[in-house]
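Here the structure comes first, spelled out in structure tokens, and everything after it is commentary.
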Amino acid sequence: MGTPIIQIENVSKSFGSLSVLNGLSFDVASGEKLALIGPSGSGKTTILRLLMTLETINDGVIYIDGEPLWHMEKAGMLVPADETHLHKMRAKIGMVFQLFNLFPHKTVLENVTLAPTLTGKLSKPDANNLALELLDMVGLADKAEQKPAQLSGGQKQRVAIARALALKPKIMLFDEVTSALDPELVEEVLNVMHRLAAETDMTMLLVTHEMSFARDFADRVLFFDGGRIVEQGKPEEIFSNPQQERTQSFLKKIVAGGRQI
Amino acid sequence: MEWDWDFVWEILPTLAKGVIITIQATLLGSVLAMVLGLFTALARRSPSKWISAPMFVFNDFIRGTPLLVQLYFLFFILPDLGILLSPLAAGVIGLGIHYSAYISEVYGAGIDNVSKGQWEASKAVNLTVPQTWRHVILPQAIPPMIPALANYFVAMFKETPLLAAITVIELMNAARSVANESYRYLEPMTLVGVFFLLVSIPCVLMLRHLEKRFAPNDQR
């Protein structure tokens, strides 16, 4: 397995007086597909946001590929990272958001090509080719010239996936990517993610309330509550035979709430 | 009192000079207001309270006092402090500062209107902060600002007669002086009104068009 691609060590994060994560530690192996489940406010989304550097870390260290994400090594000491370091580290990570966050003033194609061309990774024609390839993969090559407002929620989210993939990240973060979708549109997004999981060796972290999807998709499931990992294991263990009382009652509530496992 | 066309032709050249000053004051004042407004809008977003707080106070102070009083300060009181401005310069600076306070709000609202998710998405695709401003935030923030900006420029244009109070010979002052000399107010004041209407009406029509064109659409 080698070094884990993500090492989270003793990480704490609070918003004002509200402590969300408190000394959290776990590793993610390269290529692993990880599902983070748990009640709202359990800190799972905060982990993704810390990894994408959307929130600042309060305490602890996160290593990506063995290199500290939020810190730099200076004379043997870890000091807070500057923007240059963060910029370099962000290149390894991509994220798909609950509310898509597409660029509404750009076409679908431009949404995908903007970052690769601006970061100087690709020439315009190369970026266009790559974007069309990715849009084809998510089944939206014919929408390339449309604006996001003309797309359905499921289509928007598939474009958002293509946009994140265009930078060829090693790690992809999916933050409740189907929660804002009409039920009949969830499937098309999950299909794309399934394909992605099967066809690439990207490391994928998924925060979700779609338990059946988490079960098929993940190599490992982490159940969070109150900013801690209450229980973790293979999906079949967690979903069929949860050991912890809190995991059991959470899964029961989700079934009672009409969601299937 | 009867309308006297001969008198109209006689005073027209004097009024035309006033028109030029009125237009100059509006254009220069607008440019100054846009630049100053941008400066204060950015300063108000500064993470440092020492920079942002005085800007909030400045804007509230400017918006809470009449333009006429501000013009008097610039023209009659600044010279006591050794700063001597020509009437037109004082007028342009007065208009510029006064409207910058409003325009600063327009900029701020335009920028705030772009959702936080746009900043986050830009970070997630690893754009730098300047790239995010240029390619993501400003292209979305500016179009909705345009009708509001245009609205303030029309308002500024209609307030230029206040400059007469600090001896700028703009249209209103020119009209008043010919009226004072001839004791005829009908023609000069009518011409002033007609001129303002002729400029404002197309502006208002254009504004309506802009408002429709840049109506906010789906932000996602």
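Restricting the stretch A:145-190 to residues that are of a type in the set (D, E, K, R), buried (at least 19 other Cβ atoms within 10 Å of the Cβ) and in contact (Cβ under 8 Å) with a residue 60 or more places away in the chain leaves a set whose member that is nearest to the other protein chains (Cβ to nearest Cβ) is A:R163.
Per-residue answers, yes or no, for (1) within 30 Å of B:P143 (Cα to Cα); (2) within 17 Å of the chain's Cα centre (by Cα); (3) at the interface with chain B (Cβ under 10 Å from one of its Cβ atoms):
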| position | (1), (2), (3) |
| --- | --- |
| A:L51 | no, yes, no |
| A:D59 | no, no, no |
| A:I62 | no, yes, no |
| A:V79 | no, no, no |
| A:R90 | no, yes, yes |
| A:F97 | yes, yes, yes |
| A:L102 | yes, yes, yes |
| A:L109 | yes, no, no |
| A:V112 | yes, no, yes |
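If you go through the stretch B:80-93 and pick out every residue that is exposed (fewer than 13 other Cβ atoms within 10 Å of the Cβ) and at negative phi, you end up with 5. Do we find a residue being touching a helix residue (DSSP H, G or I) at 6+ places or on another chain (Cβ under 8 Å), facing chain B (nearest Cβ under 9 Å) and buried (at least 23 other Cβ atoms within 10 Å of the Cβ) anywhere in the stretch A:115-123? Yes: one or more hits.
Residue-by-condition table, conditions (1) more than 30 Å from A:K106 (Cα to Cα); (2) of a type in the set (S, T, N, Q); (3) buried (at least 16 other Cβ atoms within 10 Å of the Cβ); (4) more than 14 Å from chain A (Cβ to nearest Cβ):
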site: B:A179; (1), (2), (3), (4): yes, no, yes, yes
site: B:M189; (1), (2), (3), (4): yes, no, no, yes
site: B:P202; (1), (2), (3), (4): yes, no, no, yes
site: B:L205; (1), (2), (3), (4): no, no, no, yes
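Given the criteria touching a residue at least 12 places away in the same chain (Cβ under 8 Å), among the hydroxyl-bearing types (S, T, Y) and open to solvent by 40 Å² or more (accessible area, probe 1.4 Å), does B:Y183 qualify?
Taking the combined requirement at face value, the residue does not satisfy it.
The condition (being away from chain A (no Cβ under 14 Å), modelled with pLDDT of 95 or more and at negative phi) is satisfied by just one residue among B:G117, B:G96: B:G96.
Summed over the stretch B:25-40, the residues that are open to solvent by less than 50 Å² (accessible area, probe 1.4 Å), more than 20 Å from B:M55 (Cα to Cα) and over 8 Å from the mean Cα position of the chain (by Cα) give a count of 1. Could you grab me the full set of residues in the stretch A:168-219 that are more than 27 Å from A:T53 (Cβ to Cβ) and among the β-branched types (V, I, T)? Of everything in the stretch A:168-219, just one residue is more than 27 Å from A:T53 (Cβ to Cβ) and among the β-branched types (V, I, T), namely A:V186.
Answer yes or no as to whether A:K252 is free of Cβ contacts under 8 Å to residues at least 60 places away in the same chain, over 30 Å from B:Q140 (Cβ atoms) and open to solvent by 20 Å² or more (accessible area, probe 1.4 Å). Write out each step before concluding.
Details: free of Cβ contacts under 8 Å to residues at least 60 places away in the same chain: yes; over 30 Å from B:Q140 (Cβ atoms): yes; open to solvent by 20 Å² or more (accessible area, probe 1.4 Å): yes.
Considered against the rule, which asks whether it is free of Cβ contacts under 8 Å to residues at least 60 places away in the same chain, over 30 Å from B:Q140 (Cβ atoms) and open to solvent by 20 Å² or more (accessible area, probe 1.4 Å), A:K252 comes out as yes.
On inspection, B:N126 does not qualify as touching a residue at least 24 places away in the same chain (Cβ under 8 Å) and either surrounded by fewer than 19 Cβ atoms within 10 Å (Cβ to Cβ) or within 14 Å of another protein chain (Cβ to nearest Cβ) (or both). Report whether or not B:A175 is within 14 Å of chain A (Cβ to nearest Cβ) and touching a Gly at 6+ places or on another chain (Cβ under 9 Å). Judged against the criteria, B:A175 is not a match. Somewhere in the stretch A:121-128, is a residue more than 21 Å from the chain's Cα centre (by Cα) and of a type in the set (A, V, I, L, M, F, W, C)? Yes, the stretch A:121-128 has at least one match. From the list B:I77, B:I62, exactly one residue is out of contact with any helix residue (DSSP H, G or I) (no Cβ under 9 Å at 6 or more places or on another chain) and either open to solvent by 20 Å² or more (accessible area, probe 1.4 Å) or more than 10 Å from chain A (Cβ to nearest Cβ) (or both). Which is it? So the residue among B:I77, B:I62 that is out of contact with any helix residue (DSSP H, G or I) (no Cβ under 9 Å at 6 or more places or on another chain) and either open to solvent by 20 Å² or more (accessible area, probe 1.4 Å) or more than 10 Å from chain A (Cβ to nearest Cβ) (or both) is B:I77. Scanning the stretch A:50-73 for residues that are under 13 Å from A:L24 (Cβ atoms), surrounded by fewer than 20 Cβ atoms within 10 Å (Cβ to Cβ) and touching a residue at least 60 places away in the same chain (Cβ under 8 Å) turns up nothing. Taken as a whole, the condition of being open to solvent by less than 60 Å² (accessible area, probe 1.4 Å), in contact with a Ser or Thr (Cβ under 7 Å, 6 or more places away or on another chain), β-branched (V, I, T) and under 25 Å from B:H98 (Cα atoms) does not apply to B:V168. Here B:A25 qualifies as of a type in the set (G, A, S), at pLDDT 95 or above, assigned to a helix (DSSP H, G or I) and in contact with an Asp or Glu (Cβ under 9 Å, 6 or more places away or on another chain).
The values are calculated or read from the model by the stated rules, or taken from the named source; none is laboratory data. Keep in mind that this is a model prediction, so the values were computed, not measured. Methodologically, a virtual Cβ is constructed for each residue, glycine included, from the backbone with ideal geometry; neighbour enumeration extends over all protein chains shown. Side chains included, ligands, DNA and RNA excluded: accessible areas come from the protein's heavy atoms. Shrake-Rupley method; radii C 1.70, N 1.55, O 1.52, S 1.80 Å.
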